[in-house]
Amino acid sequence: MTRPRILILGGGFAGVAAARRLERRLGPGEADLTLVTPQDYELYLPLLPQVAAGVLTPQSVAVSLRRILRRTRIVPGTVLGVDPARRRAVVRLITGDQVLERYDLVLLAAGSVTRSFAIPGVPDHARGMKTLAEAVSVRDHVLAQLDLAAATEDEAERRARLTFVVVGGGYAGTETAAYLQRLVRSASRRYPNLDPDLVDWHLVDLAPRLMPELGERLGERALRVLRRRGIEVGLGVSVSEASAEEVVLTDGRRLPCRTLLWTAGVAASPLVSSLDAATVRGRLTVTTELTVPGLDGVFAVGDAAAVPDLAVGGDAVCPPTAQHALRQGRVAGENLAAALRGRPLRPYRHHDLGLVVDLGGRGSVARPLGVPLSGFVALSVARGYHLLALPTLVARTRVLTNWLLHALAGDDFVRTGLLARQEHTVRALEHTEGYLSPQDVKAATASD
Ligand SMILES: Cc1cc2nc3c(=O)[nH]c(=O)nc-3n(C[C@H](O)[C@H](O)[C@H](O)COP(=O)(O)OP(=O)(O)OC[C@H]3O[C@@H](n4cnc5c(N)ncnc54)[C@H](O)[C@@H]3O)c2cc1C
């Protein structure tokens, strides 16, 4: 007799939480647990802007799966498609070889990718902030602009290299702009022939307000903090065109620059489109119990799924946040175990705990449980929240030590050069290509 197979697709907040819960709920003889994910770590994305700024080392936000999971088999690869009729997933291993993984129950938890619009030049010139490779490559790129600006004798090139454009006024874009501007400001003091006043940061968003989730007062405060630091915030504005040497804004401004950082929202993993299933704005439609209607044995959670938000009611779906993904993962773990034992499934319900935005220094803002906070208190709450949310004691200690070291020793300005010759686009660093259509998936599983 072979044991039933539970397959988890994606090793992020939701997938790892589900695997941990399944390891606790099921005895070793009850099911084989398999996790397919390209990396061997769980990435704590909310701290990526601090990795880009060099406040934290990349290792401190990448928690080894081998430390978290005890008996789950980990397959290092990317799932290109799922065939619910034959209960197979098509996996491209990190070697490039393609294999099939059989399952009895599957959880789709492949998260999301940076949403880039079909704006001319953006897919080829914009950099994202969703993977460790992107954070490291952005850091290298930004520091390289300072080195190159200091080395050139061409005044126009120097100005362009010292102009940085961030698109997206949500927490990812705002934190990225805030942390990198602080890095560049402190780095520019180390370049005797660079005038810090030449450094120009722009943060733009089509929305009329920054981070509307924060409420009007805190959003305004964050805006004031950024403007006081010299970041030019453009609201109601986006990018109409980009090239290697220039960004054109929708208000007609042309900004000669070499850096375009794109954090204007996320789109569900392209894996979703391999299933012939209903979606809500690209996210897989799921029931309150996290099952995919019409597809037997398929569950979905996190950024890739449109989970009904019972705490809000109506047609509301949960926002794509780590807060929800983690908790949905745990409920999915419970429900997969229940489904295996033929027991009733429980619905997912969670009251949002609010938002923390670490802008570095005393400019932070937070709205935990609806209470508006700013300044040092907000910074402490934000950092305390992240420390509690990190999955292991080792990760918490690493992050805390990094913060202390940074507070004492300040910034460092070293490029690793590791990704220097790699394509830096979202397409290349978030691996958004090569996914299969439902027909291609059927063809790939037919021979098994
Ligand atoms: C810069 C930034 C800051 C953020 N700050 C906050 C914050 O302060 N608070 C908050 O609540 N949320 C925040 N978020 C959002 C939060 O990180 C996401 O909502 C959360 O990561 C979603 O969890 P998930 O498990 O669905 O996806 P992820 O955590 O992204 O995990 C997806 C996993 O699936 C893997 N994967 C992808 N495709 C495949 C495939 N085809 N096959 C196999 N594996 C695959 C990925 O490698 C990854 O391991 C932030 C996001 C960013 C980018």
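The values are calculated or read from the model by the stated rules, or taken from the named source; none is laboratory data. Since the model is a prediction, treat every value here as computed from it, not as a measurement. Reconstructed Cβ throughout: ideal geometry from the backbone, glycine too, with neighbour counts over all protein chains shown.
Annotations for the structure displayed:
- Test: T163 is of a type outside the set (K, R), modelled with pLDDT of 95 or more, buried (at least 16 other Cβ atoms within 10 Å of the Cβ) and within 16 Å of the ligand (Cβ to nearest atom): no
For every residue, the table says whether it meets (1) hydrophobic (A, V, I, L, M, F, W, C); (2) surrounded by 13 or more Cβ atoms within 10 Å (Cβ to Cβ); (3) modelled with pLDDT of 95 or more; (4) closer than 19 Å to K130 by Cβ.
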site: R367; (1), (2), (3), (4): no, yes, no, no
site: L373; (1), (2), (3), (4): yes, yes, no, no
site: W403; (1), (2), (3), (4): yes, yes, yes, no
site: A407; (1), (2), (3), (4): yes, no, no, no
site: A428; (1), (2), (3), (4): yes, yes, no, yes
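- Once segment 379-401 is narrowed to residues that are free of Cβ contacts under 8 Å to residues at least 12 places away in the same chain and within 21 Å of the chain's Cα centre (by Cα), the residue that is surrounded by the fewest Cβ atoms within 10 Å (Cβ to Cβ) is L388.
- Applying the criterion of being in contact with a helix residue (DSSP H, G or I) (Cβ under 8 Å, 6 or more places away or on another chain) and of a type outside the set (D, E, K, R) to the residues of segment 371-387, the residue that is farthest from V225 (Cα to Cα) is L387.
- A85 being part of a loop (DSSP other than H, G, I, E, B), within 27 Å of N335 (Cα to Cα) and away from the ligand (no atom under 14 Å from the Cβ): yes
- Checking each residue in segment 354-365 for being crowded, with 19+ Cβ neighbours inside 10 Å and in contact (Cβ under 8 Å) with a residue 24 or more places away in the chain picks out L355, V356, V357, D358, L359, G360, G363, V365.
- Top-ranked residue of segment 321-353 - restricted to ones that are touching a Lys or Arg at 6+ places or on another chain (Cβ under 8 Å) and of a type in the set (D, E, K, R), ranked as surrounded by the most Cβ atoms within 10 Å (Cβ to Cβ): E334
- Residue within segment 119-136 that is of a type in the set (K, R), modelled with pLDDT of 95 or more and either out of contact with any Asp or Glu (no Cβ under 8 Å at 6 or more places or on another chain) or more than 13 Å from the ligand (Cβ to nearest atom) (or both) present: no
- Answer residue from segment 353-378, given it is of a type in the set (A, V, I, L, M) and within 21 Å of the chain's Cα centre (by Cα) and is nearest to P212 (Cα to Cα) among those: L355
- One residue stands out in segment 219-236 among those that are within 25 Å of the chain's Cα centre (by Cα) and within 20 Å of V199 (Cβ to Cβ): the one that is surrounded by the fewest Cβ atoms within 10 Å (Cβ to Cβ), namely E232.
- Restricting P438, P344, P368 to those that are within 26 Å of L33 (Cβ to Cβ) and touching a helix residue (DSSP H, G or I) at 6+ places or on another chain (Cβ under 9 Å) reduces the list to P344.
- If the condition is being of a type in the set (K, R) and part of a loop (DSSP other than H, G, I, E, B), then segment 199-225 contributes only R209.
- Pairs, first touching a residue at least 12 places away in the same chain (Cβ under 8 Å) in segment 147-160, second among the charged types (D, E, K, R), C-beta under 7 Å, six or more apart: L148/R161; A149/R158; A149/R161; A160/E245; A160/R258
- Residue in segment 6-27 that is modelled with pLDDT of 95 or more, on the phi > 0 side of the Ramachandran plot and not polar (S, T, N, Q) present: yes
- Selection within segment 39-79: residues that are basic (K, R) and either without any contact (Cβ under 8 Å) to a residue 60 or more places away in the chain or touching a Pro at 6+ places or on another chain (Cβ under 7 Å) (or both). The member of this set that is nearest to L107 (Cα to Cα) is R73.
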